[in-house]
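Just below is one structure, and these are the notes that go with it.
The values are calculated or read from the model by the stated rules, or taken from the named source; none is laboratory data. Just so you know, these numbers come straight off a predicted model, no measurement behind them. Cβ: placed from backbone, ideal geometry, glycine included. Neighbour counts: every protein chain shown. Just the protein is used for accessible areas: all its heavy atoms, side chains included, with ligands, DNA and RNA removed. Shrake-Rupley method; radii C 1.70, N 1.55, O 1.52, S 1.80 Å.
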Amino acid sequence: MSAAEKVLYTGKTHTTGGRDGAARSDDGRLDTKLSTPGSSRPGTSPEQLFAAGWSACFIGAIGLAAGQSKVALPADVAVDAEVDLLNRDGGYFLKARLNVSLPGIDADVARRLVDAAHQTCPYSKATRGNIDVTINLV
C-alpha cells in the first residue's frame, strides 16, 4: 500500500461448505446459507451476492458522477444486475449485464453518467478485462 492509499473499510466473512455452505460476516450483519445456482436448497448463490454488491456499488458510482456533473438524480435510480455462471470446455467463467434505470434523465446524460460510473466503480475495475460486461440503459 502506498502512502496515498487509505483503507476505508474491510469486509470480512467466514465461509464454510463452499456453494452448499454458509457465509457469515464478522459483525453478524450477513449470515446466509449458500446454495448451488438452480438448486431447490435454501440459500443464495455466490453469483447473486456478487450481483447485489456490484449493483449497490454501481449506484454509488453513478451518484458520484452525477454530483461531479451537477446532475440531480431521481430517487428511483436502480440497477438490475445479471451475473451468469458459464461453462465452456470444462472451465467456469462469469458474464454480466448491468441494466441501469435513470428515469427522467436525458439519454445522453444518462450514458455519460453510466460510462463514468463504470470507470470509477471498484467492482467494474475488478472485472475489467476479466469478464464480458454489458451495461444497458433501460
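Out of curiosity, is V138 under 18 Å from the mean Cα position of the chain (by Cα), touching a residue at least 40 places away in the same chain (Cβ under 8 Å), farther than 25 Å from K12 by Cα and open to solvent by 60 Å² or more (accessible area, probe 1.4 Å)? Write out each step before concluding.
Numbers: under 18 Å from the mean Cα position of the chain (by Cα): yes; touching a residue at least 40 places away in the same chain (Cβ under 8 Å): yes; farther than 25 Å from K12 by Cα: yes; open to solvent by 60 Å² or more (accessible area, probe 1.4 Å): yes.
Yes: the conditions hold for V138.
So, in the range 39-54, of the ones that are more than 25 Å from A78 (Cα to Cα) and not basic (K, R), which residue ends up surrounded by the fewest Cβ atoms within 10 Å (Cβ to Cβ)?
Of the range 39-54, the ones more than 25 Å from A78 (Cα to Cα) are 39-42.
If we keep only those that are not basic (K, R) too, we end up with 39-40, 42.
On the way: S39: 11, S40: 6, P42: 9.
Taking the candidates together, the pick is S40.
Every residue in the range 16-34 that is at pLDDT below 95 and surrounded by 14 or more Cβ atoms within 10 Å (Cβ to Cβ), please.
Within the range 16-34, just R19 meets the criteria.
Select from the range 72-88 the residues that are closer than 21 Å to A110 by Cβ, surrounded by fewer than 17 Cβ atoms within 10 Å (Cβ to Cβ) and aliphatic (A, V, I, L, M) and list them in ascending order.
Our first condition is that a residue be closer than 21 Å to A110 by Cβ; within the range 72-88, this holds for 72-82.
From the residues that got through so far, the ones that are surrounded by fewer than 17 Cβ atoms within 10 Å (Cβ to Cβ) too are 72, 74-76, 78, 80, 82.
Answer for the range 72-88, where residues must be closer than 21 Å to A110 by Cβ, surrounded by fewer than 17 Cβ atoms within 10 Å (Cβ to Cβ) and aliphatic (A, V, I, L, M): A72, A75, A78.
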